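Participant: Please see the structure below; I have some questions.
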Amino acid sequence: MENARRTQAVLTARRAGLVGCTSCGKVHAAGEPACRRCGATLRSRDDKSLQRVWAWLFAGMVAYIPANTYPMLLTTNFGKTQENTIVGGAIELLNHGSWGVALIVFSASVLIPIGKFIAIAYLALSARSAVVIRGHGRQHLYEVVEFIGRWSMIDVFVVAILSALVQFDFAATINPGIAAVSFALSVAFTMISAQNFDPRTLWDAYEEDDT
């Protein structure tokens, strides 16, 4: 058991007496006040990172509630207006046989946002907890969260395009609902939450394991 723990030891930059600049990436000896290349302040860890992560994540979760309860799309055909929520729109697509599009909409609007909430919360909790994914699993999870963030606006883009193209006065019009704004805010807040996370804190658990 002791040998297994030793093989998992990781030499972090902080252990090696180094600190990297978060702006340009240049590595300096610990204790340097500012980056010699870009002048940015050097810190081994951002102590207030997790506070900002939780604040923005909570804001994103709050905005996600009206995004799913209020209509995303208002469609008017010859004076008759139909309101569709995110899930309602996916069900409507299923009823019309568009299984692929319905799956994309449901995944991008429901599964991915909820998965991001869980992943960011897990990363924030595991930075202060001994119960972590072994190996480099958490680093990979953080990279996945960063990558999929840019694809979470698919519904908002579709609504914006349809609203711009389909405007035929009384015959047919498409307008965004309140949920479109709420969903856009939720995605933006979640992305800000992920960007405020200091990934260097993910290495702290390795240091604690070896003490």
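Participant: Does any residue of the stretch 176-184 turn out to be at pLDDT 80 or above, in a helix (DSSP H, G or I), among the polar types (S, T, N, Q) and open to solvent by less than 30 Å² (accessible area, probe 1.4 Å)?
Facilitator: Kept after step one, since they are at pLDDT 80 or above, are these residues of the stretch 176-184: 178-184.
Among the residues that remain, those that are also in a helix (DSSP H, G or I) are: 178-184.
Adding the requirement that they be among the polar types (S, T, N, Q) leaves 182.
Imposing the further condition that a residue be open to solvent by less than 30 Å² (accessible area, probe 1.4 Å) reduces the set to 182.
Among the residues of the stretch 176-184, at least one is at pLDDT 80 or above, in a helix (DSSP H, G or I), among the polar types (S, T, N, Q) and open to solvent by less than 30 Å² (accessible area, probe 1.4 Å), which makes the answer yes.
Participant: Based on this model, can you work out whether ALA164 counts as farther than 23 Å from VAL110 by Cα, open to solvent by 30 Å² or more (accessible area, probe 1.4 Å), part of a helix (DSSP H, G or I) and at pLDDT below 60?
Facilitator: Values: farther than 23 Å from VAL110 by Cα: yes; open to solvent by 30 Å² or more (accessible area, probe 1.4 Å): yes; part of a helix (DSSP H, G or I): yes; at pLDDT below 60: yes.
Criteria met by ALA164.
Participant: Turning to a different aspect of this structure: Of a type in the set (Ser, Thr, Tyr) and modelled with pLDDT of 65 or more: is that true of TYR142 in this structure?
Facilitator: On the way: of a type in the set (Ser, Thr, Tyr): yes; modelled with pLDDT of 65 or more: yes.
Against the criterion (of a type in the set (Ser, Thr, Tyr) and modelled with pLDDT of 65 or more), TYR142 qualifies.
Participant: What is the one condition in (1) modelled with pLDDT of 70 or more; (2) closer than 30 Å to GLY177 by Cα; (3) surrounded by 12 or more Cβ atoms within 10 Å (Cβ to Cβ) that ARG45 does not satisfy?
Facilitator: Condition (2) is where ARG45 drops out.
Participant: Out of the stretch 95-119, which residues are exposed (fewer than 14 other Cβ atoms within 10 Å of the Cβ), part of a helix (DSSP H, G or I) and of a type outside the set (A, V, I, L, M)? Spell out the reasoning first.
Facilitator: Residues of the stretch 95-119 exposed (fewer than 14 other Cβ atoms within 10 Å of the Cβ): 95-97, 99-100, 111, 114, 118.
Checking which are part of a helix (DSSP H, G or I) leaves us with 95, 99-100, 111, 114, 118.
ASN95, TRP99, GLY100 - these are the residues of the stretch 95-119 that are exposed (fewer than 14 other Cβ atoms within 10 Å of the Cβ), part of a helix (DSSP H, G or I) and of a type outside the set (A, V, I, L, M).
Participant: Quick check: anything in the stretch 17-29 modelled with pLDDT of 85 or more, loosely packed, with under 13 Cβ neighbours inside 10 Å and closer than 18 Å to PRO199 by Cβ? So that I can check it myself, show each step before the final result.
Facilitator: First pass over the stretch 17-29, keeping only residues modelled with pLDDT of 85 or more: none.
No; the residues of the stretch 17-29 include none that is modelled with pLDDT of 85 or more, loosely packed, with under 13 Cβ neighbours inside 10 Å and closer than 18 Å to PRO199 by Cβ.
Participant: Answer yes if at least one residue in the stretch 58-72 is modelled with pLDDT of 75 or more, open to solvent by 40 Å² or more (accessible area, probe 1.4 Å) and part of a loop (DSSP other than H, G, I, E, B), and no otherwise. Spell out how you get there, then give the answer.
Facilitator: Here is the first cut: in the stretch 58-72, the residues modelled with pLDDT of 75 or more are 58-72.
With open to solvent by 40 Å² or more (accessible area, probe 1.4 Å) added as a condition, the list becomes 58, 61-62, 65, 68-70.
This time we only want the ones that are part of a loop (DSSP other than H, G, I, E, B), so: 70.
Looking through the stretch 58-72, at least one residue is modelled with pLDDT of 75 or more, open to solvent by 40 Å² or more (accessible area, probe 1.4 Å) and part of a loop (DSSP other than H, G, I, E, B).
Participant: Something else about it: Can you name the condition, by its number, that ALA124 falls short on among (1) surrounded by fewer than 16 Cβ atoms within 10 Å (Cβ to Cβ); (2) closer than 14 Å to SER193 by Cβ?
Facilitator: Unmet for ALA124, out of (1) surrounded by fewer than 16 Cβ atoms within 10 Å (Cβ to Cβ); (2) closer than 14 Å to SER193 by Cβ: (1).
The values are calculated or read from the model by the stated rules, or taken from the named source; none is laboratory data. Remember, predicted model here, so these are calculated numbers, not experimental data. Cβ atoms come from the backbone with ideal geometry, glycine included; neighbour counts cover every protein chain shown. Only protein heavy atoms, including side chains, enter the accessible area calculation; ligands, DNA and RNA are left aside. Shrake-Rupley method; radii C 1.70, N 1.55, O 1.52, S 1.80 Å.
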